[in-house]
1. Can you put 166, 113 in order of Cβ neighbours within 10 angstrom, beginning with the fewest?
2. Give the residue list of trypsin sites (Lys or Arg not before Pro) in region 175-265 that are DSSP loop and have at most 16 other beta-carbon atoms within 10 angstrom.
3. In the chain, what % of DSSP beta bridges are antiparallel (nearest 5)?
4. Excluding residues on the same chain fewer than 8 positions from residue 110, give the lysines whose Cα lies under 18 Å from its Cα.
5. Equivalent ellipsoid semi-axes for region 1-145, as square roots of 5 times the alpha carbon gyration tensor eigenvalues: give them largest first, rounded to whole Å.
6. Relative contact order, percent, of region 102-184 when contacts are C-alpha pairs under 8 Å separated by at least 6 residues?
7. As I understand it, the value is the acute angle between the Cα axis of helix 189-218 and the longest principal axis of the Cα atoms of the chain; what does it come to in degrees, rounded to 10?
8. Where does helix 150-166 land angle-wise versus the long Cα axis of the chain, in degrees 0 to 90, nearest 10?
Amino acid sequence: MLNEVAVTLSGKEIERLGHRLRTCTAPDPADIALLGELLIRYNGAMTQVADGLRSIGLAATTRLKSTGTIVDKLKRTASSNLRAIRDLAGARVVRRMTLDEQDGLVAQVKGIWPSAEVVDRRTRPSHGYRAVHVIPKVDGCKVEIQIRTIYQDVWAQTMELFGDLWGRDVRYGGPPSTPDAHYVSGLTRAEVVTSWIKYADQLHRLAEVENELAVYDARGDRDHVRAVELRRVVETDLAPLQAHVQQLADVLEERRLGGTAMVTP
């Protein structure tokens, strides 16, 4: 854990630091040290965000970007500005919830930080990625709070796993390393990534159906003709999708604990 100390880098100094890191062939150790000092400030902001979330009953996982990941991001996006990066520090809240309940959770978080920016990636996903991000600024530092449903989280974690296996570019729409190499079920790595991005749309459709059904159930209108049809869709057409998500969640948990189970698209 970083020790929290006062850091006095000005905005212009941060911009110049980001420019040097983006344009250099190999980072100067002094610049890496400066970046580490900047992350100390963000660590303090992230801790405050975690405390704020805890105050409304939300347990969040938190993380700081590593210096290597930050340098990679600066180099990958030529127009990126170190001061403008929104996820140097982040928190994540994951719940089994409907899309409407996700909106409610976002509103709760906004209640703590009313001026926070909200980025909704559900209807306009980024290479398949869906979630809602709430981004407050705490002590001058932006902290990205990712609010995800179970479906969104399982999808995102699996894509992150593919990125760990086949290169980080996979997470940003790039091809996997050795794209024609076979993975499982006769699929190449490139085919797996493509199918996984399409899979995100299927999961979102499942979430929409479940959300609409929950509205009827909340009204006590379970026998409405539309509710009956939605329940049939969930129990027949979408049941295999629900089962697959649970299977993936189990595999991801096993891998987190050190297992080597393979993720099957």
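No lab work stands behind these numbers, since they all come straight from the coordinates. These figures come from a predicted structure and were not determined experimentally. We place every Cβ from the backbone using ideal geometry, glycine too, and count neighbours over all the protein chains shown.
1. Numbers: 166 21, 113 17.
By the 10 Å Cβ count, ascending, the order reads 113, 166.
2. 219, 222
3. Working: 15 of 22 bridges.
Beta bridges within the chain, antiparallel portion: roughly 70 percent.
4. In chain and number order, the partners are 137, 142.
5. Values: eigenvalues 165, 65, 29 Å².
They are 29, 18, 12 Å, listed largest first.
6. Numbers: 92 pairs, mean separation 16.5, N = 83.
Reported relative contact order: 20 percent.
7. 60
8. It is inclined by approximately 50 degrees.
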